[in-house]
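Scroll down for the structure; my scribbles are underneath it.
The values are calculated or read from the model by the stated rules, or taken from the named source; none is laboratory data. Please read these numbers as outputs of a predicted model, since none were measured by experiment. Neighbour counts are summed over all protein chains in view; Cβ atoms, including those assigned to glycine, are modelled from backbone coordinates with ideal geometry. Heavy atoms of the whole protein, side chains included, go into the accessibility calculation; ligands, DNA and RNA do not. Shrake-Rupley method; radii C 1.70, N 1.55, O 1.52, S 1.80 Å.
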Amino acid sequence: MIRRTISKEDTDTSSTGKSADPETPASGETALEQTTEENVCPLCRGAGFVYSRAAVGHPEYGKAVPCDCSGQKEEEKRQRLARISNLAGLDRFTFDNLIPEGRSQDQNNQMLFKKAVEASREYAKNPEGWLVFLGPSGCGKTHLAAAIANERLKQGSNTFFITASNLLDHLRSAFNPGSPISYDALFDQVRKVPLLILDDLSTSAAGGYSPWAHEKLLQILDYRYVNRLPMVVTSTVNLEDVEDKVRTRLSDPALSAVLTLEESSVHILSQLDSLDLPLLKTMTFENFDAEGRHLKPEQRISLQEAYRLAMDFAANPEDWLVFLGGNGCGKTHLAAAVANHRRSLGQPVLFVVVPDLLDLLRSTYSSESGSAFELLEKLKREPLLILDDFGTEASTAWSQEKLYQLINYRYNARLPTVITSYFSLDQIEGRFSSRMGDSRMSTVIAITAPDYRIDRPRQVEQPQRPVRKQFRRQQY
């Protein structure tokens, strides 16, 4: 009778005949190559070091030094980890070649991106918990996620990078008899890998996959959540739009840090911000005529007082500053000068023309996209908001209510705000004027100058054309 000895390799093989080792990569390679007599270094016999051949009496005599094969082994290990990590084509994404402030031209988004870069660098040094990147396509989420993975590879740490859609496709294809890896092995590898980076969770998080695929994704998230295993996730979907079970995992403050790289409402705000318009961009304190030599004394005094208040506010924005006055009195110039000064210091500021804001609120509301809510929430919390041409525009009750919500929030939060209006306070609706005229936090200056500009174009009288006499043809 022939007896067969059962080896450990037999017991570690699944019913499909493939290795069930959780570290087996999707490419079919074994995660850890076995050392055999054929690949043992003849110099160090696998020890990784040799004794120095320095002469007797030399400081290095008898000391152990790294074998020549050590460098080659490290390179082989690095290449093997790169294959396992599924980062083919993404090795170019590093911290060294990313744009520090991101691709957005909006200063708020640039600040958000810089914060995400700092968090990513720290996370790459010692991954703990979850790091979730949110933002629209093209904002740099994948670059940061891949940079973390590549940094971990340099440190010799096993990392697995994959998009959510490709992961689910691989799990399905693992049932194929010709698959280089079993389903169980791949599933275990993803669940237990030291660092999992799941890119573009968007469609799956929104429930766009089949029930089976979605269930598998939830099992992976649950396993890593319960065992507190490090993970990086990127998504274009707002957390509010993600199903409850996934959202509670991704947003758990005890485990997860959620970083928004670019706010979706910022794109709308960039269209709403009027400060980059050619004329407003040139309105500064330097080219403002505060002397008003052509004005009457009382008019000149009100203009100079408004100029002083604007300068003080620009140096240290606190509470509210309200400019009232007729067309051409300089209130918009001063408001724009405040904004341009703050922006020159690199500080966030948003210059909004109120009629344009009301039009945008109406349009976003009618689209039923939820953008009106996002826009309003963003405006409420702007560090410095300038509302130009606040008046009694004919608008819907809904848009007026939203405008009041904006004013009332910033009033209660005492957020720095500049308001200009053609109307006096007693001509503005009571609920607005009571906020704007509150002396506890608002400074109101009425500019009585009819036109502060000395270089304003003058109306040239057109010479009258001679009147031609029209003769009626006599009829005979």
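Rounded to the nearest Hz, the phi-derived 3J(HN,Hα) couplings of the stretch 114-124 under the Karplus curve 6.51 cos²θ - 1.76 cosθ + 1.60 (θ = phi - 60°) are 4, 4, 5, 5, 4, 5, 5, 4, 5, 5, 5, where x marks glycine and proline. In a simple Cβ point-charge model (Lys, Arg +1; Asp, Glu -1; nothing else charged), the stretch 148-201 has a dipole of about 160 debye relative to its Cα centre. Whole-Hz Karplus values for the stretch 385-390 come out as 10, 10, 9, 9, 6, 6 Hz, taken residue by residue from phi with 6.51 cos²θ - 1.76 cosθ + 1.60 and θ = phi - 60°; glycine and proline positions read x. The H on the amide N of residue 195, modeled in the peptide plane, is under 5 Å from the matching H of 160, each at least 5 residues off or on a different chain. When nucleic acids and ligands are ignored and a 1.4 Å probe is applied, residue 418 ends up with an accessible area of around 0 Å². Residues in the stretch 214-225 carry Karplus couplings, in order, of 5, 5, 5, 4, 5, 5, 5, 4, 5, 4, 6, 5 Hz; the curve used is 6.51 cos²θ - 1.76 cosθ + 1.60 with θ = phi - 60°, and Gly or Pro positions show x.
Close amide H partners of residue 353, meaning residues 5 or more places away or on another chain with modelled amide H under 5 Å apart, are 274, 388. With each label modelled as a point 7 angstrom along the Cα→C-beta vector, the residue 271-residue 241 pair spans 1.6 nm. Remark: for residue pairs 115/378; 115/141; 125/378; 115/245; 331/402, the C-alpha separation exceeds 23 Å in 125/378; 115/245; 331/402.
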